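**Student:** Handing you this structure, nothing more for now.
The values are calculated or read from the model by the stated rules, or taken from the named source; none is laboratory data. This structure is a prediction, so every number in the text was calculated from the model and none was measured. Here the Cβ positions follow ideal geometry from the backbone for every residue, glycine too, while neighbour counts run over all protein chains shown.
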Amino acid sequence: MVVEYKDIIKNELKASKFKRTCSCGATHINCMSAKEWMVSQIGVWQFLYEKRDVRDKTKHPATFPISLAKKIVSLFSHEGELVVDPFVGSGTTLVAAQDLNRNSAGFDLNKDYIELCKERLAQQNAFNNCQQIPIEDDARNINQYFSENSISLIWTSPPYSNLLNRKRKNKSRRDRDNEQLDKIEQYSQDERDLGTYSIEKWATAMGEIFEGMLPLLKPKGHCVINVPDFWMDNKRITLHIYLIDEMRKRGYELRNTIIWDRTNIVNNIGIFGWPSNYITMGTTFEYLLDFWKPPKM
């Protein structure tokens, strides 16, 4: 009988205990100092990109800074614990976990993105006893890889419904005729890809995926999801409200709403809607929705 690579990974992950390797108190939510904790209570965050970040849209159309991932991982996990990203993309979550001595696994349908994850991890000079594993598989299958109550943190920035699955018109840019004009920056056209779904179908699929992961999450374990709202067909699409409603129906409890203030990293904003239609620029902020698994379920 031929043993598939995925089966080997599944068996290894299910057998792993992912215990803390720090000396923090049993009731501590993380390894942060009091000063770090205090700064993190401010509900509006800004981040900068660094040299290791992927900014090339031909490699991946939608990335977030390593510094953002490190903030989330630091806040909601301990050294040695398990962090899972169900839509790992370019692998930023895994890079952050490697920096912070956390075990982590990231899932993606796109083989090229998994290879990019491996390349980025191989370039690191981190020395720790934790593993960071990119896995080419559907997020719907994550419950096959882990035991119940084994995940300390779920953190991800998922496809934003069909936001990218349309031609770019660059209406908000000063330089409209740039390399992005009329391009579709979508991740794929795979029928399993949530980035090809309508808003309602996307919300239901997200709910199903995270409902499947809920038994794997430790009681009081956090699930943080990065989403924006956006404009489509002259309407405000409140994606974060769709997601909050769906996650609550599936058993998660919303704990915090954090604003990722992106004004320090957004360039070339034009005059969108002037002079007759006032529209706030969705690219200047996004939501970090912090849910947890209630302690009594």
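**Student:** Under the condition of being modelled with pLDDT of 95 or more and charged (D, E, K, R), which residue from the stretch 287-297 is nearest to Ile72 (Cα to Cα)?
**Tutor:** Asp290
**Student:** Return the residues of the stretch 74-108 that are part of a helix (DSSP H, G or I) and surrounded by 24 or more Cβ atoms within 10 Å (Cβ to Cβ); say none if nothing qualifies.
**Tutor:** Matches in the stretch 74-108: Thr92, Thr93, Leu94, Val95, Ala96, Ala97.
**Student:** Taking the stretch 37-55, which residues are in contact (Cβ under 8 Å) with a residue 24 or more places away in the chain, among the hydrophobic types (A, V, I, L, M, F, W, C), surrounded by fewer than 13 Cβ atoms within 10 Å (Cβ to Cβ) and part of a loop (DSSP other than H, G, I, E, B)?
**Tutor:** Selection gives Leu48 alone.
**Student:** Among the listed residues Ala62, Ala26, Ala69, which satisfies the condition of being part of a loop (DSSP other than H, G, I, E, B) and under 26 Å from Lys220 (Cα atoms)?
**Tutor:** Ala26
**Student:** Pick from Gly221, Gly207, Gly195: which is within 20 Å of Leu288 (Cβ to Cβ) and free of Cβ contacts under 8 Å to residues at least 40 places away in the same chain?
**Tutor:** Of Gly221, Gly207, Gly195, the one residue that is within 20 Å of Leu288 (Cβ to Cβ) and free of Cβ contacts under 8 Å to residues at least 40 places away in the same chain is Gly195.
**Student:** Give all pairs with beta carbons closer than 7 Å in which a residue from the stretch 252-278 that is farther than 30 Å from Phe76 by Cβ and in a loop (DSSP other than H, G, I, E, B) meets a residue that is at pLDDT below 85 and β-branched (Val, Ile, Thr); count only pairs at least 6 apart in sequence or on separate chains.
**Tutor:** Matching pairs, first to second residue: Phe272/Ile279; Gly273/Ile279.
**Student:** Pull up the stretch 202-217, narrow it to residues that are surrounded by fewer than 17 Cβ atoms within 10 Å (Cβ to Cβ) and not acidic (Asp, Glu), then point me to the one that is nearest to Tyr242 (Cα to Cα).
**Tutor:** At the first step, the residues of the stretch 202-217 found to be surrounded by fewer than 17 Cβ atoms within 10 Å (Cβ to Cβ) are 204, 208, 211, 215.
Going one step further and asking which of them are not acidic (Asp, Glu), we end up with 204, 215.
Details: Thr204: 9, Pro215: 22 Å.
Ranking the qualifying residues of the stretch 202-217, first place goes to Thr204.
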